[in-house]
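Notes for the one structure printed next.
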Amino acid sequence: MREALRQILLSRWSKSAVFLLCLSPLGYLGWRAYHDELTANPVEFIQHFTGDWTLRLLLVTLAVTPLRRLLNLPDLIRFRRMLGLFAFTYVCLHFLTYIGPDQAFDLGGMWKDVAKRPFITVGFLGFVLLIPLALTSTKGWIRRLGGRRWQALHRLIYVSALCGVVHYYWLVKSDHRLPLMYGAILSVLLLYRLAGSLFKSRPAVAVPAAQ
Ligand code: HEM
């Protein structure tokens, strides 16, 4: 079973399949836009849709390391960079919907809003933290920074995901179940990472691989 899974993960098509999977929410959004089905408030719909997918993809990216260890499938690393870059793509679209249709590209107004509304402040921080990670996601940057420094920098993804969860929790007015569920998933992933660094006896699985 594990060998079959490994063959699938290593197959020529697996990356294209994950790429299409990550692209499918965007395709769905385009399909709804084409059919004029973006609800009565399209900007809000796109904002929520892209926000949701940013958070989901951040958590999936963070789940890669625990899953490759727990399932003994180190080849899952092949998809981590792509997943992270897709999370970044969705947050860029999320941010663009905000500064474009929402703020009418009024940068002054945007800064005031970032300073005034805590949920925007924390979301903005989550976005800014992802920028250096996206920029340094290549093999060249891993070489330039060295594995340890690169890994330390890329731990910022946990802070970014935390900002995303707090952002979501603060913006929801009544039903907090979903942001709490995302928070619980992030806590499990964080605890796994913490336990891993406290009990370092387990053999380390080969580190950063930008593919
Ligand atoms: C890591 C970064 C971010 C994540 C993970 C994230 C995630 C989310 C999520 C999950 C939602 C709610 C979706 C729903 O209700 O279904 C949301 C809404 C929203 N986000 Fe973000 N976001 C991020 C960054 C930002 C940034 C940088 C801005 C703007 C500066 C922003 C502005 C908004 C706005 C205006 C809403 C809608 C609020 C409302 O309808 O009341 N977000 N975001």
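Just so you know, all these numbers are worked out from the coordinates, no wet-lab data involved. Treat the numbers as computed from the prediction; the structure is a model and nothing was measured. Here the Cβ positions follow ideal geometry from the backbone for every residue, glycine too, while neighbour counts run over all protein chains shown.
No other residue among Val91, Val114 is crowded, with 18+ Cβ neighbours inside 10 Å, part of a helix (DSSP H, G or I), near the ligand (Cβ under 8 Å from one of its atoms) and not aromatic (Phe, Trp, Tyr) apart from Val91.
Contact list please: Cβ distance under 7 Å, first residue in segment 126-144 and under 17 Å from Gly164 (Cα atoms) and within 16 Å of the ligand (Cβ to nearest atom), second residue among the small types (Gly, Ala, Ser) and part of a helix (DSSP H, G or I), pairs at least six apart or on different chains. Listed pairs, sorted by first residue: Gly126/Ser160; Gly126/Gly164; Leu129/Ser160; Leu130/Ser160; Leu133/Gly84.
Scanning segment 146-179 for residues that are more than 16 Å from Ile131 (Cα to Cα), of a type in the set (A, V, I, L, M) and touching a helix residue (DSSP H, G or I) at 6+ places or on another chain (Cβ under 7 Å), we see that the one that is farthest from the ligand (Cβ to nearest atom) is Val166.
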